[in-house]
Amino acid sequence: MSQEDIKHCLNILRRSPPSDVDNNLERLIALRGDLDEELCQRVDTPLELEQDEKTGQSFILCDYNRDGDSYRSPWSNEYFPAIEDDDGFKPSAPLRKLEIEANKVFDVYRHQYFEGGVSSVYMWDLDENVGSFAACFCIQKESQGAKDLKGFKGNWSSVHVFEVNVAGQQQKDQWNYKLTSTVLVSMPMKVKGLGDIDLSGSVTKQAQKTATLQSYADDKQSHLEIMGPMLEDLELDLRGTIEGVYFQKTKEIVNGMRVTDAQIKARDKKMANIATSAVKSGGLNKTFT
């Protein structure tokens, strides 16, 4: 395995349709099995769901809760399928407590902004001695078209990865928060008369902030109070970028290619009929008399 091989594989995936990234990734791994781990860590794919057999709740599958072929549920903290001897990677007890709280808060955020879908939060220790950690906030939502859009199936996948490290020894409880957010949108549609339409793509942005956790008597400010607003602001920025670049630009192109206004269509049809009648009758004067 070399960096040049990985670069070539990433270039292939970058030039292929985003909606087919899963299949293309599997084909590359079949050809180069030694690049499996490296490609899975670097390539963003639409999120998939699994059900927690213990709690009955759905959770999101991603590379951040995977251990081999098993995935950890944030609800029961267990792996599915189960790992022998239960030796799968899990967060420390204090971080697990924060993870449970984050899942509750993020579920409310998901409901308010998306009115559906599934959310999951996964955390893992970077340096347990100083308290540094990383966290992944995921949202996955699918939607089906109504009667007038039969054949439409949309998918939204957003992944927000935090890296939280101690800022330094000069000031107590000062932390660096680095956030990398990626949104993947896939909207394939098959409509009679229009054919196959596939609007898919992804966008990634980063944000960074240094903040000090405040203490109130015996209580201390939670990391979630810093991470939450950062995530919300960056996702709103990504949503605006997608709407402005993908949706509006596509709308401009489509409107430039075809006439969608009914009155304009009727006018053009009338003019075409007049011209056809004129040609058949041998002159325009006879058409207007």
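FYI, it's all coordinate maths here, none of it is from the lab. Bear in mind that the values here come from a model prediction, so they are computed numbers and not experimental data. Every residue, glycine as well, gets a Cβ built from its backbone with ideal geometry; the counts of neighbours run over all protein chains shown.
A few points about this structure:
- Amide H within-cut-off set for Ala167, under 5 Å, with H built and near neighbours excluded: Gln174, Trp175, Asn176
- For the range 40-106: rounded, prolate or oblate by the Cα gyration tensor [a/c cutoff 1.5]: rounded
- Counted residue by residue at 0.36 nm each, then reduced by the alpha carbon distance between them, the extension gain from Gln248 to Thr276 reaches 6.4 nm.
- Dipole axis of the range 1-43 (+1 Lys, Arg; -1 Asp, Glu on Cβ), positive-most option in Ile29, Val43, Ile12: Ile12
- Hz values of 3J(HN,Hα) by residue in the range 125-131 - Karplus curve (6.51, -1.76, 1.60), Gly and Pro given as x: 6, 9, 8, 5, 5, 9, x
- Likely footprinting exposure, Met271, Met227, fewest C-beta neighbours within 10 Å first: Met271, Met227
- Unsatisfied cross-links (Cα-Cα over 30 Å) in the set Lys54/Lys97; Lys90/Lys209; Lys104/Lys178; Lys7/Lys153; Lys104/Lys209; Lys141/Lys269: Lys7/Lys153; Lys141/Lys269
- As a size descriptor, the averaged projected area of the C-alpha convex hull of the range 92-251 was calculated at 11.1 nm².
- Close amide H contacts of Ser58 (hydrogens built in the peptide plane, cut-off under 5 Å, sequence separation of 5 or more or a different chain): Asp52.
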